[in-house]
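Since the structure comes first, as structure tokens, the remarks are kept for the end.
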Amino acid sequence: MPEGFQIAVLISGRGSNLEQIIQKNSDNYEIIGVFSNRSDAEGIGYAKRAGLKTFIFPRRNYSSGKDQKKALYDQVNSLNPDLIILAGYMQILEGEFVRRHLGKIINIHPSLLPAFPGLSPHRQALEAGAREHGCTVHLVTEEVDAGPIIAQVKLEVLATDSETTLAARVLELEHRVYPWCIDRIGAGEILLSGASAVAFSDSVRAEAAKCGFLLPEVG
């Protein structure tokens, strides 16, 4: 893997994807910090129990949202991670921060982007009568949920699905594909470059196919 490949993880809530990233216990990345904008984020407790460094920046501690974001960004910048992972982080990143780390921030969104971006994607899918749904790992750009796709996983929407059951089924897919993508990026098998370039080794394409993960055709 790239020597000493270090990642920072940003969360706002329960941190279930963070938990999966930790449990993967990969040799291809090191978690150097878990950040949250909420002091009550359940994932912070899990990170502490795993012995990880945690950094909390609740809005109430700052005179403005801008100051709160700046404090969090400054701390992330000081660690200079190789990759920044958004794992249920519910604040939109400022453009300056995204530009500084362009090609080094990834997110997972619970829909098959570009379909159903933004909030309530499961409700959107059900209301649209979608037959397929799933999740997307993508590079983060200044436009929300619009960055280049790294990987997707699909499932069939059932006639009996509610927003709750569909969300639970998609979350299971997230727990599979997100740690895998991070591991493969850390191993140098998935290459990220700037705001638009994603490249895959032949071996990672074969592995993705076996796992049922969909990779975009690039180049």
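We did not get these values from a lab; they are worked out from the coordinates using the rules stated. Just so it is clear, the structure is predicted and the values come from calculations on it, not from any experiment. Here Cβ is always computed from backbone atoms with ideal geometry, including for glycine, and neighbour counts include all displayed protein chains.
The table that follows gives values for the structure above.
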item	result
Count - residues of the range 94-113 that are among the small types (Gly, Ala, Ser) and either in a loop (DSSP other than H, G, I, E, B) or surrounded by 15 or more Cβ atoms within 10 Å (Cβ to Cβ) (or both)	2
Some residue of the range 40-50 being over 30 Å from residue 154 (Cα atoms), free of Cβ contacts under 8 Å to residues at least 60 places away in the same chain and in contact with a Gly (Cβ under 7 Å, 6 or more places away or on another chain)	no
Tally, over the range 176-219, of residues that are within 17 Å of the chain's Cα centre (by Cα) and charged (D, E, K, R)	3
Which numbered condition residue 90 misses (of (1) of a type in the set (A, V, I, L, M); (2) buried (at least 16 other Cβ atoms within 10 Å of the Cβ); (3) touching a residue at least 60 places away in the same chain (Cβ under 8 Å))	(2)
Verdict on residue 130 being small (Gly, Ala, Ser) and either under 18 Å from the mean Cα position of the chain (by Cα) or within 24 Å of residue 16 (Cβ to Cβ) (or both)	yes
Filtered residues of the range 32-80 (kept if touching a Ser or Thr at 6+ places or on another chain (Cβ under 9 Å) and loosely packed, with under 13 Cβ neighbours inside 10 Å)	48, 60, 61
Qualifying positions in the range 131-170 - in contact with a strand residue (DSSP E or B) (Cβ under 8 Å, 6 or more places away or on another chain) and either exposed (fewer than 13 other Cβ atoms within 10 Å of the Cβ) or over 21 Å from residue 196 (Cα atoms) (or both)	131, 132, 133, 134, 154, 155, 156, 157, 166, 169, 170
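Here's the yes/no breakdown for (1) acidic (Asp, Glu); (2) within 20 Å of residue 102 (Cα to Cα); (3) not in a helix (DSSP H, G or I):
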position	(1), (2), (3)
34	no, yes, yes
51	no, no, yes
68	no, no, no
71	no, yes, no
76	no, yes, no
